[in-house]
Amino acid sequence: MKQGIPRLQHYVPQLLLRRFAGVDGRLWAYDTEKRKMFCAGPKCLAAEGYFYGDTTKHATQNSTAIERWLAEQIEGPGAEALDGLLPKRTLSTGQAQAFFTFVAAQMQRTPASLQRATDCFAATFQETAERIAKYEPTFRKNVIARVKATGATDADISELVQILDEGKLTATPTRDFAIWIGFDVLGLLATELAKMRWEFAVVPPTDGDLIIGDHPVTLEDVGAHIPPRPLGVKNPNIEIAMPLSSRMVALAHWDGPIRYGELASGVADMLNERTLQQVHRFAYASFESKELLARAIALRGTGPKMRTHRFRIGEKLIMWSEFK
């Protein structure tokens, strides 16, 4: 690896994690996969090696291009907006827009959001690949020619032909595709968030701290519609929640006042439960708690999921995905 190319890339920025740290500046991380908890600084948390770029073996300056863009265009302006919200100041138009873009990015840049994008498009990719292999003769010819050009043996080519004949060709979205599709809609998503009614509520003194997950923004249908509608900003009953610190949360709805306020007693714990339901793997808190670890393990994976539906009309296939 070339010198000077940082390896760790954050999907939850350090500037946000710091607002959930204890007095020593560190956080407790609750690992629901390995079923353990540990204490570390924000620099080491909510990050993976070249999360947005190449592996260590192929690392170049381009491997950090997205990370640098996020730092300059999203996190810098977002930090200024958060610095205004926590002391309950009135934001300028530019600061408000920076906040909406910051929230949009946290909805689209995490392991959970990349997995959701992959799940959303995987069935479509697979169906498309199978149909192309079956009905497009030039596709088979081109694939075989490209495989031959790589030095494949006759046995390899025979195996490939068998896979094509039996409809076993697999196609899945790449990680680069999932990253691209997520960031491609940031502007549109931020525009929708700007139309919503936002409340910035502090936790009452009698309630415990808010926690944050590795997917900080949660969505919940809070309407009376049965069954609940798919989750997304266009859902008229959607509640979007993003903890801004251990003592303040941003809540968005399509109606209601725009204001600073205080949560009702017990709501902070409800929001923490929602966070735990929608984590990908990690939750972070200012405190150590075996009870929180057990709760995080129990609730992991119980939140909404991407679901793909298929409906056939003769030879035609209609497919759609929804998050609920």
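The values are calculated or read from the model by the stated rules, or taken from the named source; none is laboratory data. Please read all numbers here as calculations on a predicted model, not as lab measurements. Neighbour counts run over all protein chains shown; Cβ positions are idealised from the backbone, glycine included.
With respect to (1) in contact with a Leu (Cβ under 6 Å, 6 or more places away or on another chain); (2) assigned to a helix (DSSP H, G or I); (3) modelled with pLDDT of 90 or more, the lone exception for ALA194 is condition (1).
Name the residue, out of GLU315, GLU273, that is over 16 Å from THR110 (Cα atoms), among the acidic types (Asp, Glu) and touching a residue at least 12 places away in the same chain (Cβ under 8 Å).
Going through GLU315, GLU273 in turn, the sole match is GLU273.
LEU263 meets all of the listed conditions (1) aliphatic (A, V, I, L, M); (2) crowded, with 16+ Cβ neighbours inside 10 Å; (3) without any contact (Cβ under 8 Å) to a residue 60 or more places away in the chain but one, namely (3). Scan region 141-167 for residues that are in contact with a helix residue (DSSP H, G or I) (Cβ under 8 Å, 6 or more places away or on another chain) and not in a helix (DSSP H, G or I) and jot them down. Answer for region 141-167, where residues must be in contact with a helix residue (DSSP H, G or I) (Cβ under 8 Å, 6 or more places away or on another chain) and not in a helix (DSSP H, G or I): ALA152, GLY167. For ILE181, the test of being part of a helix (DSSP H, G or I), at pLDDT below 90 and of a type outside the set (D, E, K, R) is failed.
If you go through region 225-245 one residue at a time, do you hit one that is touching a residue at least 40 places away in the same chain (Cβ under 8 Å), touching a Ser or Thr at 6+ places or on another chain (Cβ under 6 Å) and in a loop (DSSP other than H, G, I, E, B)? No, region 225-245 contains no residue that is touching a residue at least 40 places away in the same chain (Cβ under 8 Å), touching a Ser or Thr at 6+ places or on another chain (Cβ under 6 Å) and in a loop (DSSP other than H, G, I, E, B). Would you confirm whether any residue within region 298-305 is assigned to a strand (DSSP E or B), small (Gly, Ala, Ser) and crowded, with 17+ Cβ neighbours inside 10 Å? No, that holds for no residue. Counting the residues of region 133-156 that are among the β-branched types (Val, Ile, Thr), surrounded by 11 or more Cβ atoms within 10 Å (Cβ to Cβ) and modelled with pLDDT of 85 or more gives 1. Being more than 21 Å from the chain's Cα centre (by Cα) and surrounded by 15 or more Cβ atoms within 10 Å (Cβ to Cβ), is that true of even one residue in region 213-224? Checked against the condition, which is being more than 21 Å from the chain's Cα centre (by Cα) and surrounded by 15 or more Cβ atoms within 10 Å (Cβ to Cβ), region 213-224 yields no hits at all. Regarding region 184-206, can at least one residue be identified that is charged (D, E, K, R) and closer than 25 Å to GLU67 by Cα? Checked against the condition, which is being charged (D, E, K, R) and closer than 25 Å to GLU67 by Cα, region 184-206 yields at least one hit.
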